[in-house]
Every structure is written in structure tokens, then in C-alpha cells.
1. Would you be able to tell me the number of residues in the range 91-100 that are exposed (fewer than 13 other Cβ atoms within 10 Å of the Cβ) and touching a residue at least 40 places away in the same chain (Cβ under 8 Å)?
2. Do the conditions hold for THR26, that is, is it at pLDDT 85 or above and of a type in the set (Val, Ile, Thr)?
3. Kindly indicate the residue of the range 33-63 that is buried (at least 16 other Cβ atoms within 10 Å of the Cβ) and in contact with a Ser or Thr (Cβ under 8 Å, 6 or more places away or on another chain) and also farthest from SER89 (Cα to Cα) among those meeting that condition.
4. Please tell me if ASP70 is within 28 Å of GLN106 (Cβ to Cβ), among the acidic types (Asp, Glu) and modelled with pLDDT of 85 or more.
5. If a residue must be surrounded by fewer than 17 Cβ atoms within 10 Å (Cβ to Cβ) and among the hydrophobic types (A, V, I, L, M, F, W, C), how many such residues does the range 64-84 contain?
6. For SER62, all conditions in the list (1) under 20 Å from PHE96 (Cβ atoms); (2) at pLDDT below 85 hold save one; what is the number of the exception?
7. Which residue pairs have Cβ atoms under 9 Å apart, sit 6 or more places apart or on different chains, and have a first residue in the range 73-90 that is touching a residue at least 12 places away in the same chain (Cβ under 8 Å) and at positive phi and a second that is surrounded by fewer than 13 Cβ atoms within 10 Å (Cβ to Cβ) and in a loop (DSSP other than H, G, I, E, B)?
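The values are calculated or read from the model by the stated rules, or taken from the named source; none is laboratory data. No experiment lies behind these values; they were computed from the predicted model shown. Positions of Cβ are backbone-derived with ideal geometry, glycine not excepted, and every protein chain shown enters the neighbour counts.
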Amino acid sequence: MDSDRDNKPVLRPKKSEFKGSGRVETKFQLVTRCNNCAAEIHVDGQIQVIDRCKNCGNDLHSCRNCLNCDPSARNECVKPVDVRIASKSKNNFCAFFETKALIEKQGSGAGASASPVDTHRQAFLDLFK
């Protein structure tokens, strides 16, 4: 029995003609966005108290744009602040402010090129061609 096993040819997988790993490399980037309009914010260093969004004019040095903002935490902040800041979307002078950076996918699959309404409408119109 063992001799039959030794005599059988070993089947090996064929090498692919495609010269690559077959994987699509996904790239990610850190992005800071306005909490009001989701416009990308380009800031050198730290957001200053007087900074505003160029798209909508909303204050950027606010709790909503802070990494430490957590609605379920005491005073809605994970840091030990003594006084609760009432308006989370207005400028404040909090010493614990850290800019919130989001990790987003970069490349062709990152965002939709056309709105879903337009593509649905185009698909409907294509039925009658």
C-alpha cells in the first residue's frame, strides 16, 4: 500500500499567469472634519480658539470636534473637567481640547461619485431605451 502512494504523482497547484498577489491594497488617511458640515479641515498643528470652518463658518475649537467628547461620560467629557460646558458646538477655552481625527479610506472606493438618487433615476430611465 505504501508503495502505491509513493508512485503516484504529486499534484501541485498551477502558478497563476497574473503577476501579483491578487489583493487590492487599501490605503487609509487621518482626516479632521467639521462636526457641522463634514468638510475636511486642513490645520497646521493644533486648532486655535478663533478658528472657524471655511465652508459653514461653525466654530472648530468646540466639544463636538474634540477627541475627549463623550455624551455618556460625566459633564460629557472623558477628562476630569470641573464645570460642564453647556453649548457643545460653541468655542470654548478647554485645556483638554484635542482635535478629533478620523480614519478614512483613501482611493477610488472611498466615496460615491454620484448621489444614489441620480443613479437610481438613471437606472429607471435606462429601462425605456
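1. Within the range 91-100, residues that are exposed (fewer than 13 other Cβ atoms within 10 Å of the Cβ) and touching a residue at least 40 places away in the same chain (Cβ under 8 Å) number 1.
2. no
3. Among those residues, the one meeting the criterion is ILE41.
4. Yes; evaluated as a whole, the condition is true for this residue.
5. Qualifying residue count, the range 64-84: 4.
6. (2)
7. So the pair list comes out as GLU76/ARG84.
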